[in-house]
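Asker: Please see the structure below; I have some questions.
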């Protein structure tokens, strides 16, 4: 078999796998070419196109080649060569190593010791201590370690090269079009995974590198509580804001500094269970914690049933500890039925979803819907749209 034949065979195997088929669309984006002039003679991506050295392809076993192909696909899916340009300009090598740590650990965790994937002898080997970290966190740890141990031998350069210069030369409008194509491919791949046996849900999701939040949560929650919670949540309104009493207006005094217990619902049904959507949701969740300092935060992942239910006390929220599971069908009643059964105490519920389900009956706690589909507005509660 030629190197290209081997790559095609590996892609077919990925397409048939019940979990990794979620990346089947991404590995078909862009151009895949055999390049005998690659230096180093391994593989290379600009975040959209993929090049492979024939000798390197021939040296790999089938599981190792599948990992290599998925390795490049995850770089694309997480938009590493766009997201981390600032780190690249600080230290190219460390950025490459940090990104490879993130990708290889995520893929081997997804493999679940089944042997469908295997790490080549070359490359950055999975390091469990970085589980749940994003590329920047890994970069900073590597940089600190390098500064603390200047004479210590450094890790290798990885099993692929990242064409940062090529990615930077791509015009903005082309980058945007490529990003949309990758997002579509991820959604299609997740739908395929759902049909291939993941439709029952309870599969683990990948959280990518956290994104810059799109929502000013301090202002949104202040407005939300002002409009929705008056007369319902005594703890929020217990101490009136003295700035407004003189005008005869009764306003909460503490919402700008902190809020009571919050319930954060994350729709992890098949239509939302791709790494891009989950990452957006978790990025906004992190922004809520950072900006409004809730008394506690309860994170519930749900599809057609509750998949995970975790509570973090004030200032204890930790993304690496967050368990994101789902991938099944959708029932809009799940979260609220769960909270009623639990008799959950909370000042408000914030729901992250695409809104594509039959709407549940109104819940008796103020609810803010954060919806990705701009054509959908919740029939009750308040709605904001997440780009």
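The values are calculated or read from the model by the stated rules, or taken from the named source; none is laboratory data. Everything numeric in this text was worked out from a predicted model, so none of it was measured. Note: ideal-geometry Cβ built from the backbone for every residue, glycine included; neighbour counts use all protein chains shown.
Asker: Taking the condition under 16 Å from residue 260 (Cβ atoms), modelled with pLDDT of 85 or more, touching a strand residue (DSSP E or B) at 6+ places or on another chain (Cβ under 6 Å) and in a loop (DSSP other than H, G, I, E, B), does residue 365 pass?
Answerer: Considered against the rule, which asks whether it is under 16 Å from residue 260 (Cβ atoms), modelled with pLDDT of 85 or more, touching a strand residue (DSSP E or B) at 6+ places or on another chain (Cβ under 6 Å) and in a loop (DSSP other than H, G, I, E, B), residue 365 comes out as yes.
Asker: Can you tell me how many residues in segment 44-66 are out of contact with any helix residue (DSSP H, G or I) (no Cβ under 6 Å at 6 or more places or on another chain) and within 29 Å of residue 283 (Cβ to Cβ)?
Answerer: 2
Asker: For residue 352, state whether it is in contact with a helix residue (DSSP H, G or I) (Cβ under 6 Å, 6 or more places away or on another chain) and under 25 Å from residue 218 (Cβ atoms).
Answerer: yes
Asker: What is the one condition in (1) in a helix (DSSP H, G or I); (2) modelled with pLDDT of 85 or more; (3) under 21 Å from residue 329 (Cβ atoms) that residue 283 does not satisfy?
Answerer: The number of the failed condition is (3).
Asker: Within the bounds of segment 309-323, is there any residue that is in contact with a helix residue (DSSP H, G or I) (Cβ under 6 Å, 6 or more places away or on another chain) and in a loop (DSSP other than H, G, I, E, B)?
Answerer: Looking through segment 309-323, at least one residue is in contact with a helix residue (DSSP H, G or I) (Cβ under 6 Å, 6 or more places away or on another chain) and in a loop (DSSP other than H, G, I, E, B).
Asker: Could you say which residue among 156, 208, 123 is in the same structural domain as residue 71 (by TED's automatic domain parsing) and modelled with pLDDT of 70 or more?
Answerer: Residue meeting the stated conditions: 123.
Asker: Which one is surrounded by the fewest Cβ atoms within 10 Å (Cβ to Cβ) among residues in segment 339-353 that are modelled with pLDDT under 90 and touching a strand residue (DSSP E or B) at 6+ places or on another chain (Cβ under 9 Å)?
Answerer: 342
Asker: What do you reckon, is residue 76 assigned by TED's automatic domain parsing to the domain that holds residue 137 and modelled with pLDDT of 95 or more?
Answerer: No, not satisfied.
Asker: Also, I was wondering about something else. Please go through segment 55-82 and pick out each residue that is more than 16 Å from residue 110 (Cβ to Cβ) and out of contact with any strand residue (DSSP E or B) (no Cβ under 8 Å at 6 or more places or on another chain).
Answerer: 55, 58, 59, 60, 61, 62, 65, 79, 82
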